[in-house]
Structure formats: C-alpha cells, structure tokens
Protein chains: 2
Amino acid sequence: MTRRPGIDEVARLAGVSKSTVSRVLNGAPHVSTRAREAVRRAVIQLDYTPNQAARSLAGHRANAIALVVSEPSGRVLADPFFAGVMRGVHAELAGHRTQLVLMMSQPGDVGSYLTGGHVDGALVISSHGHDPLLSLLHDNGLPVVAGGRPLAGGPVPYVDSDNFTGAVEATQHLISSGRKRIATIAGPVDMAVGLDRLSGWRRAMSGQRTDLVAYGDFTPEGGASAMTSLLTREPSLDGVFVAADIMALGALQVLHAAGRRVPDDVAVVGFDDSVPAVPPLTTVKQDVERFGRMLTWRLLAEIEGEEGLPPSVLLPTSLVVRTSA
Amino acid sequence: MTRRPGIDEVARLAGVSKSTVSRVLNGAPHVSTRAREAVRRAVIQLDYTPNQAARSLAGHRANAIALVVSEPSGRVLADPFFAGVMRGVHAELAGHRTQLVLMMSQPGDVGSYLTGGHVDGALVISSHGHDPLLSLLHDNGLPVVAGGRPLAGGPVPYVDSDNFTGAVEATQHLISSGRKRIATIAGPVDMAVGLDRLSGWRRAMSGQRTDLVAYGDFTPEGGASAMTSLLTREPSLDGVFVAADIMALGALQVLHAAGRRVPDDVAVVGFDDSVPAVPPLTTVKQDVERFGRMLTWRLLAEIEGEEGLPPSVLLPTSLVVRTSA
DNA sequence: ATGAAAGCGCTAACAA
DNA sequence: TTGTTAGCGCTTTCAT
C-alpha cells in the first residue's frame, strides 16, 4: 500500500497553499480559475482523497448520517418496506459526500453515540411506542427525522405514508365487492402505522361489525397466527384487510391450508405492494423509495439549517387491484 | 445542546492525565486499579463519549468497516438473504466499537473512498463477474472479505454457502420423488452462487436431459419470466429446481396462473429458506445470519492481523421438505 | 504506573 | 484572491 498523499502534497504540486486546496475541495468562493485548475490536476495526478477523520475533526461535521433501526430484533431488515426506504436514502445521499451509518442497538448505546457528534443527523425508523430515543436526540440538538409518525407526538419532524386513507380505500374495496364479514389483521398498536391502518379499517366499516380484529407484528408468522385466530372466531368471514403484505403472506398460507379459496371464499387486501404472492395481492401501494428520499432530503435540509421546513410530510397511497380481492 | 466534555475534562475530574484516561478507554495495560476506577466514574458522571474523528485521526484506525453492495440496482437490498446477512454482521460487530458504513455506488467512487483510509476493512457482497473492486481493494492493502466466492479467484478470502451440495440434494429430492422432466431456474451466470447451484443441478441430473434451463436474476419477476419460458419449451415438465426462493415466488405465480397445481402437477424446490409461500416451499436452508457473522469475524480477524486464517469458509446447507415438492 | 508533548490532516479565522 | 496560523480531540512515543 503506497502511502496516500496529504493535502500538503497536493498544495505543493499545484503550487498553492493548503487553504486554497481546501477551498477548491469544498467549492468555496474566492478562488481563481487558474488555481482551481491546478488543484484539480494535482488531485487527479496524486489520486488524492481527503482524510475524512481530519475533515470531521477540523470542520466540526461528521459528514455522515445515521439510519437507526429502533428495533432490537432486526425484524425490519427483512421487511421489503425497509429495503425500499434504504434505496431511497442512498439515492438522495448521492452527491452529498455523506456516508450512511447503520445502527440497530439499544437506546442507551445508540443515544450516546449519536449525540456524541459522530453523525450530523439521524433518521429513525420503525420506532415503537413512546420510544425515548427520538426525544433524547432531539433534546440534545441533533437533527432528527422520523420515518413514520412517532406516537409520542412532540416536536420531531417526520415523513409518513397516508396509512389511514389507504386502509379506508382497501376496506371500501372489500365492502363494495359485496363482502359481508370483513376482518382485519392489524399491525402493532404501539406504532402509528399499526394504529392508523386499523383506524382506516374501522372508519370504512362504520355501521358494521368491527370486532373481527387480530394483531400481528409485521412478520409472516404473525400474519399466520392472526389469520388462524380470526378463522376460529368467525369461520364464515369472507374478507380480510391485512395491514402489511408481509403478514398477508402468512395469512394466505393459513387460508390455503384451511381449504379456503382466495378470492372466491375469502377476499384479501394487503398493504405496501411489496411482495409477489399466490394469488397476486390486491394491495395498497406506497412509493417506499420516495419515502426514503423524502426522509433524507428533509434531514439534510434540517442539517443545513434551512428555514420554514414543513414539520411533517404525508405521502399518498393508492389501491392496486389484482386477484386476491 | 450542552457542549460535550472532552478527554481533558474527564482527566481533570478523575485527577489523572489525558494519557491515563486514554489507556483506560482503550483497555491498555499498566494502569492502576485506582486510576481505572476514577476514570470510569468520571466518564459516567460526565456522560463522556470519545470523539470518533479525533480518535481515527490520531490512532490511524477508522473504527468502521464498510458493507459494500456491489450492485448498482439495489436489488440485493430487497433480498431476504441480504437482510439475514446484515443481522449477522451487526450481531458480530456488537462490542467491537466498530461502525457499519453501508455503500452502494459505483466502483470508482467506492474504490477510492475505501482505499482512502475511511474504513478499516470491507465486506463485499453480491459481487458480479470479474468485478475489479475486489482486487483493487486487496491490492491497495485494505482488508477485504467477500460474501460469496468471487469469480475472479485471486487472493481475496471469502465466505460462502455450499451451494453446489445444496443444489444436488434439492435435485435428488425431485428425482427420488419420481419426477421425470426436471427443469431449473438458474441464477445469474456471472455470480458463483448462480453457477454453483446450476452445477449442482447438472450433477444430480447426470444421465438425464439437462437442457431445461432458464435464467433469472434473483428477483420474483426474473423467476416468473423464466418459468414462463420453461413452460413454453416443455409443457410437460413436472419438476423445477429454482435457485432462489425469491425467484420461486414468481415461478409459483406463473404456475398458478397456468393452472398447474403444485406439487401435484409440478414439484418446486427452492433455495434459501427465506420466504413463506403458497404452498409452503420445499427448499434448501442456509443459515444466513451465521453467514454474516462468519464474514464479519473473518474481516475483524484480518484487520487485527491474525495469522493462519482460513482463506475461505464454506457453510453447510440442508434440505427442508415442506409441501411444494 | 503515569505524565508531557508532539503530532494525526484538515478547516477556518485572520492577515496580507 | 491567497497564505499563515491556530487549533479540532484524541493516541502515542518518550521520559520519569
């Protein structure tokens, strides 16, 4: 490994001072075209890359943001939703010389690490209940944006999908197709995404029986056991709104094993448009990549100290009708 | 935001010098129990976290490793395989005060960034063909471990699953259950994982017709179009070995739409044991989390400069029989 | 076992 | 427009 060149060598080769090199590197004003060009050439010739650590230390910026998955299990990593968000985050980060640091541990460690100045801001997703992490970070002055509305309310900006409206549409589709006994497999009640989709179902079901609710944890297994319990409680159900495609996968397995045909006997509507299933799922589509981009854009703007930013952003959802309902 | 304390303040409060604090922090020897305790207390009292940038700059270590997804599309992010690996990586990283930096861009940027001393090592997964990135990093002296055998061969250590044996078992299961016209949906031929699973199928099929091969790209859509093409070429096929569950999802949709019953008309065996399907997939299971842990362990060992490390590790696979075959 | 002092490679304030 | 200078907060010899 050849020793890598420092900024001094670039300066020497370009015939200018370190400061000028630094200015060119950071796109600062007040640099002559002549100097700029000389520096550029020297950088290329030496294959120079600035030392990030030195940069952070001197510049008081970490040039990195954290993506915090506020869930010890790591369940969310397996969720297609997360994958899409991550793609969006990356896309938005491109060209910002900002690195993405992934974190998954417990609030204690994460909190002190993050507030410790190692990153310039944090994206917190999949936050449950009244997760103290969000307020902790916010109170410490670290720019934070939540992915999904935080239940605690408070002053943390967030980006979310319009889960309520999506759930209403999904349920209405079931109703208007003539289903009479419509159940729902809801998500965790300690997350806004779980609550909002359940509220949407309730809203659309107003006037009808709304006790057919079972809860899952956004895993196929959770969806399967919820479906089993619903089938036991109401064998004659003929429609289910499942609050996540990933849970619908489990539900479909159970329905199949129970000999129920989908959609003939039981119509199924999912949420996310994230998985190919048999039969293809009628579901509520959300643009997860856009979600990730929006999240990142918002955080970067916050870090730059932009004024008048919207406290929160709600992204639209839309029903996609396929075979399952 | 209260200004965060520096090492000097800890030193002052503990009544020792910066050096001693540093020693305690880094678990260095030659520190009295008395001093150690005093420092510990001061650290807690001040809620001190070391500045990572300063540490890297002075210590010539980045205290971070990169997880490089050598694929522009980001397809792999949506792959359950990747999610499992990432969980393993995190698990193994716990307690190593090492951060995980995720990278997805093009070889050019990534290469110079990585060799630029910003991370202490890199995990490269999903590398296609004769990806120059691996050799580039290796030649620059950066510790690297590949996830999945690199096609280029060369001196880069890697961790892989025993894809060949898994594929052989899967295919033998199909054969021994009496299937006569067995096809395969193979993965990309520019990746060892694609090649090895195909070789396993060929090996098990020796003596039989081996032209029923269609290729997919490890996406459900790829699996679907491969299945369509196979069905067209050989309508009477009665078994398929699909080189990835995620592709099997697409294949199952196509079979279902074509009115073929699984497993009655066509038996399907997948690979990965990563998705719940209808009907539940008979598949080759691999322990992806272990894969991630092994990968990380290997890289950390490499970074520590341990001697006599195995150049490569092959993890076992096993057949899980469910309903689809 | 402990402390003093010299950087690590950059940015930013200031001077010119 | 450019250069000089002083740190940023640690780790690490080298003394003691």
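The values are calculated or read from the model by the stated rules, or taken from the named source; none is laboratory data. Source: prediction; values computed, not measured. Reconstructed Cβ throughout: ideal geometry from the backbone, glycine too, with neighbour counts over all protein chains shown.
Listed values, structure above:
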item: Residues of region B:158-181 satisfying the condition of being in contact with a Leu (Cβ under 7 Å, 6 or more places away or on another chain) and surrounded by fewer than 23 Cβ atoms within 10 Å (Cβ to Cβ); result: B:ASP160, B:ASP162, B:GLU169, B:HIS173, B:ARG181
item: Filtered residues of region A:175-201 (kept if basic (Lys, Arg) and either part of a loop (DSSP other than H, G, I, E, B) or without any contact (Cβ under 8 Å) to a residue 40 or more places away in the chain (or both)); result: A:ARG179, A:LYS180, A:ARG181
item: Residue within region B:33-47 that is more than 15 Å from DNA strand C (Cβ to nearest atom), at the interface with another protein chain (Cβ under 10 Å from one of its Cβ atoms) and not aliphatic (A, V, I, L, M) present; result: yes
item: Meets criteria (near DNA strand C (Cβ under 10 Å from one of its atoms) and not aromatic (Phe, Trp, Tyr)) for B:PRO5; result: no
item: Qualifying position, being touching a strand residue (DSSP E or B) at 6+ places or on another chain (Cβ under 9 Å) and under 17 Å from A:ARG298 (Cα atoms), among A:GLY88, A:GLY148; result: A:GLY148
item: Filter result for A:SER22 (over 25 Å from B:GLY111 (Cβ atoms) and either part of a loop (DSSP other than H, G, I, E, B) or at pLDDT 90 or above (or both)); result: no
item: Pair list, Cβ < 6 Å and 6+ apart or interchain, from region A:18-44 residues that are closer than 17 Å to A:GLY6 by Cβ to residues that are part of a helix (DSSP H, G or I) and within 6 Å of DNA strand D (Cβ to nearest atom); result: A:THR20/A:ALA35
item: Members of region A:210-227 found to be under 25 Å from A:GLN172 (Cβ atoms), within 14 Å of chain B (Cβ to nearest Cβ) and outside any helix (DSSP H, G or I), listed by number; result: A:GLY216, A:PHE218
item: Options B:ALA257, B:ALA267, B:ALA204; residue that is out of contact with any helix residue (DSSP H, G or I) (no Cβ under 8 Å at 6 or more places or on another chain) and over 19 Å from B:PRO188 (Cβ atoms); result: B:ALA257
item: Enumeration of residues in region A:50-99 that are assigned to a loop (DSSP other than H, G, I, E, B), crowded, with 18+ Cβ neighbours inside 10 Å and at the interface with another protein chain (Cβ under 9 Å from one of its Cβ atoms); result: A:PRO50, A:ASN51, A:ALA62, A:ASP79
